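See structure below.
The values are calculated or read from the model by the stated rules, or taken from the named source; none is laboratory data. Because the structure is predicted, anything quoted here is derived from the model rather than measured. All Cβ positions, glycine included, derive from the backbone under ideal geometry; neighbour counts span all protein chains shown. What goes into the accessible areas is simple: the full protein's heavy atoms, side chains included, and nothing from ligands, DNA or RNA. Shrake-Rupley method; radii C 1.70, N 1.55, O 1.52, S 1.80 Å.
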Number of protein chains: 2
Amino acid sequence: MIKTVAIQGIKGSFHHIVSKAYFGNLVDIVECLSFDAAVESLLVKDTNAVIMAIENSIAGSIIPNYALIDAHNLHIVGEYYLNVQHHLMALNDQSINDIKEVYSHPMALLQCKEFFKNQPHIKLIEDKDTAEVAKRISNNKLKGIAAIASDLAAELFNLNILAESIQTIKHNETRFVIVKRKNHEISESEINKASLKFELDHQRGSLAAILNVMSDCKLNLTKIQSLPKIETPWKYAFFVDVTFTDYEDYKKAIAIMKIMAVEIKVLGEYKNAKL
Amino acid sequence: MIKTVAIQGIKGSFHHIVSKAYFGNLVDIVECLSFDAAVESLLVKDTNAVIMAIENSIAGSIIPNYALIDAHNLHIVGEYYLNVQHHLMALNDQSINDIKEVYSHPMALLQCKEFFKNQPHIKLIEDKDTAEVAKRISNNKLKGIAAIASDLAAELFNLNILAESIQTIKHNETRFVIVKRKNHEISESEINKASLKFELDHQRGSLAAILNVMSDCKLNLTKIQSLPKIETPWKYAFFVDVTFTDYEDYKKAIAIMKIMAVEIKVLGEYKNAKL
């Protein structure tokens with residue numbers, strides 16, 4: 001039973017939208033200033049789960065978040081895909097011509113820079129959180145300033161959306177994972193996806209051999225990523241996600257991979273959110 | 001013959017260090033405010049080459065830079081590995097206790113945040129470029145302000161290093177690529193590394209099959225990364241780097257992969273900088 005969920009950012013952020021979609025509205029949200037702080041709250045048991053962006057269709061994997069899960073032996077218990085849409089918002093009496101400055105998170109500014117090429121009168125300024133700027137504009141009745149944030153932020157802080165979906169790449173999908181201290185709570189028959197980390201000897205063909213095993217055991221690879229840093233010379237580490245229809249097939253694959261790999265770690269077993 | 005090199009950032013930046021190491025000092029440096037601007041300068045032939053960070057040991061691949069190379073059909077003609085060391089620097093008469101504010105690039109601030117936990121009197125402020133802050137401190141004789149930047153920046157702008165290598169993870173390796181409009185200039189016998197992008201049908205085992213071919217042809221995989229976004233349903237795309245000792249082996253592998261893959265593109269053939 002989930003009662004308290006740590007999110008990166010404040011209420012109105014994209015992490016908050018994911019919490020609502022995944023857990024509904026009857027949980028307490030703990031607003032955290034960083035992913036580190038969110039994980040810390042989970043470790044000291046202030047919270048029961050963390051919502052964490054793990055990859056997006058523009059920038060790829062967020063490796064530091066994988067590292068946080070791995071280093072603290074946390075477990076991915078679920079996933080959620082959100083099509084992130086950035087909107088420009090301001091106080092109700094403002095038009096886009098009134099706006100002098102836009103504050104937002106560097107990633108949001110980057111994703112929306114094309115839109116502002118046609119708005120040379122607007123200065124772009126980096127800020128900590130997308131939703132926090134919306135809240136500040138609302139609380140302090142700031143004129144001439146706009147935020148780039150979610151529709152939830154506009155709703156919560158009673159701002160007017162001046163321009164919808166202003167990000168350059170219109171389909172901007174981000175994958176979030178739900179992370180807990182303990183492994184999955186669902187039954188084996190419900191599990192059809194897993195996230196693994198494994199290390200191989202740096203021998204030619206060692207990855208091909210292990211992928212053959214996965215294929216023979218009817219696992220579908222949905223993601224593979226070699227680790228950017230090979231800390232131990234002559235060894236390679238990989239993050240992979242696999243989907244399957246029969247948990248027994250998966251168990252068999254893991255058993256064989258345990259023999260073949262130098263090390264293998266299950267980061268999570270959960271229900272595939274992408275069908 | 002290289003004459004003009006575009007770098008991201010200004011002189012004194014880590015990209016400048018790589019340019020010096022790779023091309024020596026007898027080239028003109030064009031300082032660019034973004035990777036996009038650097039690539040633009042190459043496309044309009046204002047520059048002959050671009051230096052571009054492509055992955056680092058902390059954050060992983062810089063997918064948007066792969067996308068820039070791919071979208072404009074540019075070529076990786078070389079690579080360089082730099083162990084990025086961040087130093088805290090200020091005017092010569094300043095001690096660390098005099099420092100009230102540190103300005104730097106968000107990534108540099110992130111990588112050094114542990115160091116500043118013991119310096120609660122210092123405020124951290126995001127800025128555009130590591131070296132540009134060093135230059136500003138020097139030009140305007142700014143007291144009470146420090147930069148986080150390279151040893152080259154300290155040297156160029158005559159600043160005093162208050163603390164060396166303040167990044168949390170001491171070994172902080174970044175891989176840079178040298179990018180040109182045309183393919184390689186070195187002879188086939190010198191080429192022992194290649195960067196490829198390929199697309200596969202989303203059939204179970206299709207990646208294992210292609211890795212088997214690579215292994216059979218004596219290619220070593222040094223990096224693999226599935227693309228975060230699969231634009232075409234049921235197709236998967238991958239970026240891989242391979243090393244080899246015989247160019248003929250590589251040519252044979254590419255010929256077979258062309259038959260097996262839906263699409264294959266050579267992003268570059270060059271000399272392995274990591275031995």
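Taking GluC sites (Glu not before Pro) as exposed when DSSP calls them loop (any state but H, G, I, E, B) and at most 14 other Cβ atoms lie within 10 Å, what is the longest stretch of chain B free of them, the sites themselves excluded? Write down the numbers at each step before the final one.
Details: sites that count: B:Glu164, B:Glu185, B:Glu231.
My reading of the result: B:1-163 is the longest stretch.
If B:Tyr270, A:Tyr236 are ordered by their accessible area, calculated over protein heavy atoms with a 1.4 Å probe, which sequence runs from highest to lowest?
A:Tyr236, B:Tyr270
So what's the gap between the Cα centers of region A:101-146 and region A:255-275, to the nearest angstrom?
Using only Cα atoms, the two centres lie 41 Å from each other.
How large is the accessible surface per residue of region A:125-188, computed with a 1.4 Å probe and reported in Å² as a whole number?
So region A:125-188 comes to 48 Å² accessible per residue, rounded to a whole number.
Can you check what the net charge comes to around A:Asp98, using other residues whose Cβ is under 15 Å from the Cβ of A:Asp98 (Lys, Arg +1; Asp, Glu -1)?
Taking every Cβ under 15 Å from that of A:Asp98, the sum is +2.
Once the other residues with Cβ under 13 Å from the Cβ of B:Thr4 are scored (Lys, Arg +1; Asp, Glu -1), what is the net sum?
Overall, the nearby charge balance is +1.
As a test of the definition: with a 1.4 Å probe, what buried accessible area, both sides summed, do you compute for A against B, in Å² to the nearest 100?
Protein heavy atoms only, the A-B interface buries about 2700 Å².
Within 10 Å of each Cβ of A:204-213, how many other protein chain Cβ atoms are there on average? Could the numbers behind the result be given before it?
Values: counts 10, 9, 3, 7, 11, 4, 2, 8, 6, 1.
Partner Cβ neighbours, averaged per residue: 6.
Using the 7 Å Cα-to-Cβ label point, sort the distances from B:Lys143 to its equivalents in the other copies shortest first and give them in nm to one decimal.
The projected label point of B:Lys143 is separated from its counterparts by 4.0 nm.
Quick check: residue separation of B:Lys100 and B:Asn118 times 0.36 nm, minus the Cα distance between them. What number comes out in nm? Display every interim value, and only then the final one.
Values: separation 18, 0.36 × 18 = 6.48 nm, distance 1.35 nm.
Full extension of this stretch gives 5.1 nm more.
Under the classification rounded if a/c is under 1.5, otherwise prolate if a/b is larger than b/c and oblate if not, where does region B:87-163 fall, given a ≥ b ≥ c as square roots of the Cα gyration tensor eigenvalues?
Here region B:87-163 falls in the oblate category.
Placing a label point 7 Å from Cα toward Cβ, how far apart in nm is B:Glu101 from its equivalents in the other copies, listed shortest first to one decimal?
Between copies, matching label points for B:Glu101 lie 1.2 nm apart.
Can you give me the accessible area per residue for region A:192-268, using a 1.4 Å probe, in Å²?
In whole numbers, region A:192-268 has 43 Å² accessible per residue.
Hey, got a sec? Which trypsin sites (Lys or Arg not before Pro) in region B:1-82 land in a DSSP loop and have at most 15 other Cβ atoms within 10 Å? Intermediate values should be presented prior to the final figure.
On the way: sites: B:Lys3, B:Lys11, B:Lys20, B:Lys45; in loops: B:Lys3, B:Lys11, B:Lys45.
Listed in order of number, the matching sites are B:Lys3, B:Lys45.
Indicate, rounded to the nearest 5 percent, the antiparallel portion of the DSSP beta bridges found entirely in chain B.
75 percent
With a ≥ b ≥ c taken as the square roots of the eigenvalues of the C-alpha gyration tensor of region B:191-270, please select rounded if a/c is under 1.5 and otherwise prolate if a/b is larger than b/c or oblate if it is not? Let's see the in-between values first.
Values: a/c = 2.04, a/b = 1.61, b/c = 1.27.
It comes out prolate by the Cα gyration axes.
Put a point 7 Å out from Cα along the line to Cβ at B:Lys271; what are the distances to that point in the other copies, in nm, shortest first?
Values, ascending and in nm: 5.7.
Leaving ligands, DNA and RNA out of it, report the carbon-plus-sulfur percent of the accessible area of region B:119-216 at a 1.4 Å probe.
Values: 2080 of 4530 Å².
Exposed carbon and sulfur together represent 46 percent of the surface.
Can you tell me the dipole magnitude for region B:126-203 around its Cα centre, using point charges on the Cβ only (Lys, Arg +1; Asp, Glu -1), in Debye to the nearest 20?
Dipole size: approximately 340 debye.
Along the charge dipole of region A:87-163, which of A:Leu152, A:Ser104, A:His121 sits closest to the positive end, that is, farthest toward it, with unit charges on the beta carbon of Lys, Arg, Asp and Glu (+1, +1, -1, -1)?
Among A:Leu152, A:Ser104, A:His121, the one farthest towards the positive end of the dipole of region A:87-163 is A:His121.
Step through the table entries A:Lys182/A:Lys218; B:Lys180/B:Lys271; A:Lys135/A:Lys182; B:Lys170/B:Lys265, compare each Cα-Cα distance with 25 Å, and write down the pairs that go over it.
A:Lys182/A:Lys218; A:Lys135/A:Lys182; B:Lys170/B:Lys265
Among the listed pairs A:Lys117/B:Lys258; A:Lys223/A:Lys258; B:Lys20/B:Lys193, which are separated by more than 30 Å between their Cα atoms?
From A:Lys117/B:Lys258; A:Lys223/A:Lys258; B:Lys20/B:Lys193, over 30 Å: A:Lys117/B:Lys258.
How big is the charge dipole of region B:191-270 about its Cα centre, in debye rounded to the nearest 20, if each Lys and Arg gets +1 on its Cβ and each Asp and Glu gets -1 on its Cβ?
On the way: 11 positive and 10 negative charges, 29 e Å.
It works out to roughly 140 debye.
Please state the shape class of the protein assembly as shown: rounded when a/c is under 1.5, otherwise prolate if a/b exceeds b/c and oblate if not, all from the C-alpha gyration tensor.
Numbers: a/c = 1.59, a/b = 1.09, b/c = 1.46.
Oblate shape, in that a/c is at least 1.5 and b/c is the bigger or equal ratio.
Lysines near B:Lys141 by alpha-carbon distance under 23 Å, same-chain residues fewer than 8 away left out - which ones?
Candidates past the 8-residue exclusion: B:Lys11, B:Lys100, B:Lys123, B:Lys128.
Keeping all protein chains in the complex and leaving out DNA, RNA and ligands, what accessible area do you get for B:Phe116 with a 1.4 Å probe, in Å² to the nearest 10?
We get 10 Å² for B:Phe116.
Using the Cα centre of region B:191-270 as origin and beta-carbon charges of +1 (Lys, Arg) and -1 (Asp, Glu), tell me which of B:Ala255, B:Ile224, B:Asn212 is placed farthest towards the positive end of the dipole.
Ranked along the dipole, the leading option is B:Ile224.
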